[in-house]
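Here is the structure we will look at.
The values are calculated or read from the model by the stated rules, or taken from the named source; none is laboratory data. These figures come from a predicted structure and were not determined experimentally. Virtual Cβ from ideal backbone geometry, glycine too; neighbours counted across all protein chains shown.
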Amino acid sequence: MKPLKANAVIHHFAERLEWSAELSDEPSWVAFYKRLWPDLVTAVRIDQNSEWQKAGIDRLLILKNGRSFTVDEKKRSKDYGDILIEEWSVGRVVNGQYCGEKVGWSLDQAKRCDFIAYAIPTATKCYLLPFEILRQACVHNLERWKKLASGGRPAYPLDAQNEGYLTRNCSVPWGELKRAMCEQMLRRFAVDIQLPQHEPSHSPAGLEFTW
């Protein structure tokens with residue numbers, strides 16, 4: 001599939017990273033976490049290139065009772081009523097075909113954050129999403145989501161042109177993503193009882209059942 005022409009703007013990785021983590025947003029992030037956890041002791045930003053960053057962790061939250069959570073913070077400039085699911089973080093078009101090289105954050109099994117905080121400052125809202133539930137929902141539903149359309153525009157592919165590579169995304173309406181995540185929270189637990197397939201037969205030892 002060809003990238004959408006509407007996304008012809010080239011994003012510079014360093015600039016986007018700086019915009020995502022700019023210090024002017026720090027009071028808003030901290031206030032958001034304190035509303036969720038009033039007993040928050042500290043909210044440490046992980047800014048430097050480190051094993052934490054490689055594991056997809058932007059924030060360490062520590063509570064008074066000693067519990068801690070890790071968060072990957074995302075920020076979007078405009079509210080479209082959806083969550084932009086990243087299928088491939090790095091990829092290139094070769095002979096007219098998109099070739100993914102590095103899996104996107106929404107499917108990355110190597111990520112070790114507890115939550116995704118998906119903020120849309122212009123809409124004054126932020127989604128707090130349990131990461132593993134989100135990842136499982138993406139694994140099971142992404143191919144179907146690619147066929148959706150929202151507001152007259154296709155959900156997929158939504159490509160972001162970076163310096164030398166393309167990031168490929170899929171737009172998923174919030175209601176659809178929430179439903180899929182709820183499905184992941186309820187699964188069959190015990191093995192179904194297997195009943196006999198035929199009527200029992202009589203033998204000197206008693207009744208015999210056939211499965």
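Could you say which residue among E101, E143 is part of a strand (DSSP E or B) and either among the hydroxyl-bearing types (S, T, Y) or out of contact with any Phe, Trp or Tyr (no Cβ under 6 Å at 6 or more places or on another chain) (or both)? Walk me through how you get there before you give the answer.
Details: E143 fails: part of a strand (DSSP E or B).
Residue meeting the stated conditions: E101.
What do you reckon, is R67 among the charged types (D, E, K, R) and modelled with pLDDT of 90 or more?
On the way: among the charged types (D, E, K, R): yes; modelled with pLDDT of 90 or more: yes.
Here the answer is yes, as R67 does meet what is asked.
Looking only at strands (runs of 3 or more DSSP E) that fall completely inside segment 150-211, which ones have 1 or more residues that are modelled with pLDDT under 85? Give the steps one after another, and end with the answer.
Numbers: elements: 158-162, 165-173, 201-203, 206-208.
Once the strands (runs of 3 or more DSSP E) in segment 150-211 are filtered for at least 1 residues that are modelled with pLDDT under 85, what remains is 201-203, 206-208.
Within segment 91-113, is even one residue more than 20 Å from A160 (Cβ to Cβ) and small (G, A, S)? Step through it out loud before you land on a result.
At the first step, the residues of segment 91-113 found to be more than 20 Å from A160 (Cβ to Cβ) are 95, 109-110, 112-113.
Filter once more, so that each one left must be small (G, A, S): 110.
Yes, segment 91-113 contains at least one residue that is more than 20 Å from A160 (Cβ to Cβ) and small (G, A, S).
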